[in-house]
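No value in this document is a laboratory result; all are computed from the given coordinates. What you see is a predicted model, and the numbers here were worked out from it, not measured in a lab. Methodologically, a virtual Cβ is constructed for each residue, glycine included, from the backbone with ideal geometry; neighbour enumeration extends over all protein chains shown.
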C-alpha cells in the first residue's frame, strides 16, 4: 500500500508539474478544459477528431481525465464518441474508458484516503454518496450506476473509501453503466444538431432508471412483509 501511495502521488505531482513546464501539454489541458466548458458535444467531437489516427486514444484519455477531475461531464465525450466513431464503436470506447476511470478513482481513494478524495471532488458530494450507500447497502453501486442524476465519479471515489472489494465494485459498475452508455451512444450517433433526440434518449434513460429503483423497492417491501 505504501508503494502504491508513492506511485499515485508521484504521478499526480508529475502531471501538475508538466502543466507548468511543458507548453504543448499545457495547451492540450487548456483546450481540453475549454471543450468540456463549452458543454457542446460538437466542440468535443472536433477536438478529438483533430488527432486523426490517435483520436480513440485521446478520447480514452479524456474519459479518464474527467473521472479524476470530477465533476466534468462525461456524457459529452460519450456523445462525441458515438458521433465520431459510430454508435456501437463509440459505446464500446466510452464504456471501456469509463471503466478504466472508475477503477483509477477507486484506487486513488483507497490508497490516498478521504482527504485526497475530497480535494479532487467535494466534501459535500462525498457525504451525499455516503448516505446513499447507507440507505441501499450492498446494491448501492449498481443502483447508483443506473441513476443518471448521481455523479459517476463521486460514486467511484466514495466506494474506494469503504471496505468494499474491488471486483464487486468493478462488476456492478460495468453492468450498471451499460444502459446509459448505450442510450447516450445511440442518441449521439444520430444527433445532427437538434436537441430532440438527445432529450428523448435522456427521458428513456430516466424512465428505465426509475423503473429499476421502483422494482427493487417493491421487492424489498414484499420480502419484509
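Per-peptide packing, taken as the mean over residues of other Cβ atoms within 10 Å, places 31-43, 91-103 in the sequence 91-103, 31-43 from highest down. The Cα-based radius of gyration and maximum Cα-Cα distance (Dmax) for segment 89-129 are 12.6, 37 Å.
Send over the semi-axes of segment 21-160's equivalent ellipsoid, whole angstrom and largest first, taken as the square roots of 5 times the C-alpha gyration tensor eigenvalues. Before the final figure, lay out each step's value.
Numbers: eigenvalues 150, 63, 30 Å².
They are 27, 18, 12 Å, listed from largest to smallest.
Where the centre of each part is set by its Cα atoms, how far does segment 14-39 sit from segment 151-172, in angstrom? Measuring centre to centre over Cα atoms gives 28 Å.
Centre-to-centre, using Cα atoms only, segment 95-127 and segment 71-91 are separated by 22 Å. Highest mean packing first, where packing is the average number of other Cβ atoms within 10 Å per residue, the peptides 19-30, 104-115, 52-63, 130-141 line up as 104-115, 52-63, 130-141, 19-30.
To the nearest 0.05, what FRET efficiency results for residue 40 and residue 131 with a Förster distance of 35 Å applied to their C-beta separation?
On the way: r = 34 Å, r/R0 = 0.96.
Efficiency computed from Cβ-Cβ geometry: 0.55.
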